[in-house]
Amino acid sequence: MTEPSRGDPFQKLSLRARAVESSGIRRVFDLGANLKDPINFSIGQPDFPVPPAVAEAAKKAIDDGFNSYTPTQGLARLREKVAAKLRRDNGVEARRDDVLITSGSSGGIFLVLAAILDPGDEVIIPDPYFVMYPQLVGFLGARPVFVDTYPSFQLDPERIARAVTPRTKAIMLNSPNNPTGAVYSEAALRAVAAVASRHGLLLIADEVYEPFVYDGAAHFSVGSVYPPTVTINAFSKSHALTGWRIGYATGPSPIVEKMKELQQYTFVCAPSPAQAAALVALDLGPADGVRTYQRRRDLMYEGLRRRFDVTRPQGAFYIMPRVDESDATPFVERAIASNVLLIPGSVFSQRKTHVRLSFATSEEKIQRGVEILTGLG
C-alpha cells in the first residue's frame with residue numbers, strides 16, 4: 001500500500017481528528033438507505049409527533065421575526081423556567097444564572113468536557129455507554145476509563161471506586177441509559193456521589209431520557225444530593241424535538257460560566273425559534289407516550305427472551321440482548337440482509353457480544369422484526 005504523500009489532504013488532519021471514529025450508528029443508517037422499507041430498530045428518536053402547541057410556538061416565533069441570535073446563555077425567561085423545573089421535578093437547586101441553554105444535550109456534553117479536561121485526565125464511564133462519551137474524552141486529550149456493568153447494566157459503586165486514580169477528573173452517568181435501558185437506583189447514585197465526594201470529583205449526569213421510566217422505577221437526579229454535578233438534559237426525547245437542537249445544563253457556577261464562554265466560540269447560542277418553543281414545552285410537560293413505550297418494551301422483551309439472553313430495560317427505549325458469545329458482527333450482517341436494522345453493541349461497549357435495538361417503532365414492526373431476529377440462529 002502506498003504511503004500518503006505530504007500533499008495528501010489526509011495529512012492535514014490533526015492527530016486528534018484522525019483519532020475520532022465514524023459513528024457506527026451512522027454507518028448502519030447509511031446501510032439502511034439501500035434497503036426498501038426496512039424494519040428499523042436502529043433509530044434513537046421518538047416516533048410521536050411534536051406537540052402541536054410547541055410547533056405553533058416555533059412557527060409564531062419565525063413569523064414574528066424572532067430569528068436572530070439570542071444571548072449566548074439563552075433567553076432569560078427560558079433559563080428561569082428551566083431552573084424552576086429542575087428545582088420542582090429534580091430537587092436540583094438551580095438558579096437562573098446557573099442554567100445554560102445548549103444546542104441539544106450533545107452540545108452540553110461537549111461543553112462540559114471541554115471546560116474541565118486537560119490532556120492526561122481520566123473520566124470514568126460505565127460500560128455500555130453513549131457513543132459520544134469516549135470519543136469526546138479522547139478528542140480532548142483525556143482518557144476514558146471504562147467500568148463494566150454487565151450483565152445487569154446497573155452501577156456497582158465499588159467498581160467505580162476501584163477505577164479512581166489521581167488523574168480522575170469526573171464520572172459520567174447516564175440514567176435512564178442509552179443503550180441499555182437501565183435506570184440507576186437512588187441508592188447506587190448516592191453511593192457513587194459518596195465516592196466522588198471522597199476524591200473531589202465532578203459528576204456529569206446526562207438525563208435526556210428522564211421521562212421514560214417503567215415498572216414503577218423512579219428517575220433520580222444525583223445533582224439533588226451532590227452539588228458538584230453538571231446536570232444535562234434536552235427536549236429532544238421528551239418532546240420529540242431531536243432535530244431542533246435545544247437542551248440545557250446546570251451545575252457549579254464556575255463550570256457553567258466557562259461552558260458559556262466556550263459556547264460563544266462554538267455554537268454561539270441555541271436556535272432562537274427552538275428556545276421560544278421550549279418555553280411552551282416546559283409548560284406542557286413531557287409528551288404522554290410512556291405507556292405506549294412500555295407496551296412496546298414488553299412486546300420486544302418477551303419476544304427476544306425466547307431466543308436470547310436479555311435484561312429487561314426499566315427506561316429509555318432501548319434493549320440490549322446478547323446474541324453471540326464472542327462477536328455479534330455476523331449476526332448484525334444477517335439481520336441487515338434480512339431487512340432488519342440494528343446497532344452492534346461494540347459501538348457502545350468494549351464488548352462485542354450484544355446488539356442494541358430501539359423499540360421506538362410500531363408494535364407491528366416489533367412483532368415482525370423480533371420474529372426475523374429470533375429465527376436467524
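A short reminder: the numbers here are calculations on the coordinates, not readings from a lab. Source: prediction; values computed, not measured. Every residue, glycine among them, receives a Cβ derived from its backbone with ideal geometry; neighbour counts consider all protein chains shown.
Observations on the model:
- Between the range 100-140 and the range 219-273, the alpha-carbon center distance in angstrom: 12
- The sum of -39500 (n - 2.57) across all DSSP H runs of n ≥ 4, divided by the residue count of the chain, sets its helix-only mean residue ellipticity at 222 nm to -11000 deg cm²/dmol.
- Put in order of Cβ neighbour count within 10 Å, fewest first, the listed residues 320, 259, 132 become 132, 259, 320.
- 5 Å-binned pair-distance histogram of the range 211-315 (Cα, whole percent): 2, 10, 14, 16, 17, 16, 10, 8, 5, 2, 0
- Entries of 60/237; 60/260; 59/258; 60/365; 12/237 with Cα pairs more than 30 Å apart: 59/258; 60/365; 12/237
- Most mobile of 129, 265, 226 in a GNM of the chain (Cα contacts under 10 Å): 265
- Of 170, 337, 191, the residue with the greatest mean-square motion in the GNM of the chain, using alpha carbon springs below 10 Å, is 337.
- Volume per residue of the C-alpha convex hull in the range 52-284, rounded to whole Å³: 113
- Cβ charges +1 (Lys, Arg) and -1 (Asp, Glu), total dipole of the chain, debye: 160
- Amide H contacts under 5 Å for residue 248, placed H, 5+ residues apart: 102, 233, 234
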